[in-house]
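Computed from the coordinates by the stated procedures, all read-outs in this text should not be read as laboratory data. All values reported here derive from a predicted model rather than from experimental measurement. Glycine also receives a Cβ, built like all others from the backbone with ideal geometry; neighbour counts cover every protein chain displayed.
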Amino acid sequence: MRVASPSSRSEADPGVETLMQRFGDRVWVEPDNQTGMPVLWLDRGGLLEALAALRDLPASFAMLFDLSAVDERLRDHREGLPAADFTVFYQLLSVASNRDVMLKVPLDGADLEVPSCVEVFPNAAWYEREVWDMFGIRFTGHPHLTRLLMPPTWQGHPLRKDHAARATEFDPYTLTVAGQRREQEALRFDPEAWGMRRQREDTEFMFLNLGPNHPSAHGAFRIILQLDGEEIVDCVPDIGYHHRGAEKMAERQTWHSFIPYTDRIDYTGGVMNNLPYVLAVEKLAGIEVPARVATIRVMMAELFRISSHLLFLGTYLQDLGAMSPVFYTFTDRQKAYEVIEAITGFRMHPAWYRIGGVAQDLPRGWDTLMQGFVDWMPKRLREYERAMMDNAIVRERTRDVAAFDSAEALAWGVTGPNLRATGLDFDLRKRRPYSGYEQFDFEVPLGSRGDAFDRGWLRIEEMRQSLRILQQCIDHMPAGDYKADHPLTTPPPRERMLQHIETLITHFLQVSWGPVLPPGESLAMVEATKGINGYYLTSDGSTTSYRTRIRTPSFPHLQQIPALMRGGFVPDLIAHLGSIDFVMADVDR
């Protein structure tokens, strides 16, 4: 590959310098991108060495944050990029230096193979299985390269451009009795295929399905347990039952009309899901939102953080055997939803953020409603803490259960409260402020033991800090417009639409046809309710996204389960599942 002159940002990056020194002209630095990080292309022969070199730097890129692919075959705007039918990309994150770097490997359609990097980053196992499942790219050396999100009997690879996107493009589906038997047999677990023995010395192991329909599985989630009595010898998480093809849908929805789909990713997070998506779109469009918009977005995101954490707290303690708490937490969530509904008109899925702003301005009396909620919650949090986290039974069930340290968390891609429970201070709202978070005064709660107890306690503290942010929004809400004055703001402000024919035309085109964004790539990451949520968008100068990659926090969190639970017991697994705080839509997308 030819070498391009790196940008000034790239020249100062230690990862870029290391790879340039080691690989020379085998590495090409992408000169212009809107991802906010250096993007380097290299051939697959040097991939594992490059990944290991970045991981082993003093300011280590210790986390494989994301790994996915792009089908490049129909992309028109690839000027200056290496020739490729498919591209596999690796996003690495360094907590130590608060930096990211992305490696890209170009592939020819007739030779879709890349060496597996599971030995370098253990959490690559699921990501590589997903790429094989969705794109048909094989990872040589992978320990178990099978389908992950699609059924084992599925034909084709859905995120390829030649794969159908709509139900009407498939033949009519009929499930016969024979077909049902075939599908069920394909789901039968084969221990030998996973390297598991059926017995040891005089002990015969039991293999138990936990889920996919079990209350403690928190959704359509299956874990196959290899048991010696109550002891978990090994386990295999099985996901994909909730997969709806969100990334495929993004290829056929306009930039604007995809916003409601983001609500359904972490369906307890509401507008929190809109935020990284609209931020990434606004990067592509070159839109800067007014201060009022940024503050409104922060306010509603933090209100949904509290709502999500309340749901977590009630179900977490219910998993531990306490029946009453879930009724109390749902009562408090109802109070939050009353405020959300008064402001947005909806409850769980407002889909309320817009490209360049929000759907409408705050209604009269919003501050009184919000103040009532902010005044109500502190005493409730004290009750939860006293009655639950100080409870001897809760402590016995959760202390030192499924504990891991910061290094293990980074190796498995753990983010959010589960990472901070290990004592590692990494919160994007502080380390990489977005949407005006740098204007707010709040603390980042930290745990010390990284166990199931700390993961529960930490979220109570996070709710207290969210209340601090809400109070500042009430006290210091900026004046101004609720949408940016930009031609790609979607839809344009209604009052201007009624007064200017140009704005009326723009409104008509953007709503009926969709805004046309300039070609390029952008990425936005936010500190969502369950960890870091990221949207990596590729525009080909059209009304729709060429590729939308949704990186969710729950996906790597579930992958870590076997590493933590081997040698543990079934009740500990139930406590750990509750402490993770996941929903399967956030995993399966």
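Add -39500 (n - 2.57) for each DSSP H run of 4 or more in the chain, then divide by its residues: what number comes out at 222 nm, to the nearest 500 deg cm²/dmol? The partial results should precede the final answer.
Details: 22 runs with 222 residues, N = 589.
Estimated from H runs of four or more residues: -11000 deg cm²/dmol.
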What ranking, highest mean first, results for peptides 348-360, 153-165 when packing means the other Cβ atoms within 10 Å averaged over each residue?
348-360, 153-165
Out of all DSSP beta bridges with both ends in the range 8-140, state the antiparallel percent to the nearest 5.
75 percent
For the range 510-589 and the range 62-141, write down the distance between their C-alpha centroids in whole Å.
16 Å
Once you mark the GluC sites (Glu not before Pro) that are in a DSSP loop and have at most 15 other Cβ atoms within 10 Å, what is the longest gap between them in the chain?
289-442
Dividing the alpha-carbon Rg of the range 49-113 by 2.2 N^0.38 Å yields what?
1.29
Tell me the relative contact order for the chain as a rounded percent, counting alpha carbon contacts under 8 Å between residues six or more apart.
16 percent
Using distinct alpha-carbon pairs, which all enter the 1/r mean, Kirkwood radius of the range 8-140 in Å
15.0 Å
What ranking of ILE343, ILE574 emerges when the number of other C-beta atoms within 10 Å of each C-beta is taken as an exposure proxy, fewest first?
ILE574, ILE343
Size of the range 129-220 along its principal axes in angstrom, Cα-based, largest extent first?
55, 36, 29
Arranged by the count of other C-beta atoms within 10 angstrom, fewest first, what order do TRP194, TRP457 take?
TRP194, TRP457
All other residues with a Cβ under 10 Å from the Cβ of MET134 taken together, and with Lys, Arg as +1 and Asp, Glu as -1, what is their net charge?
0
Where does the chain land on Rg(C-alpha)/(2.2 N^0.38 Å)?
0.97
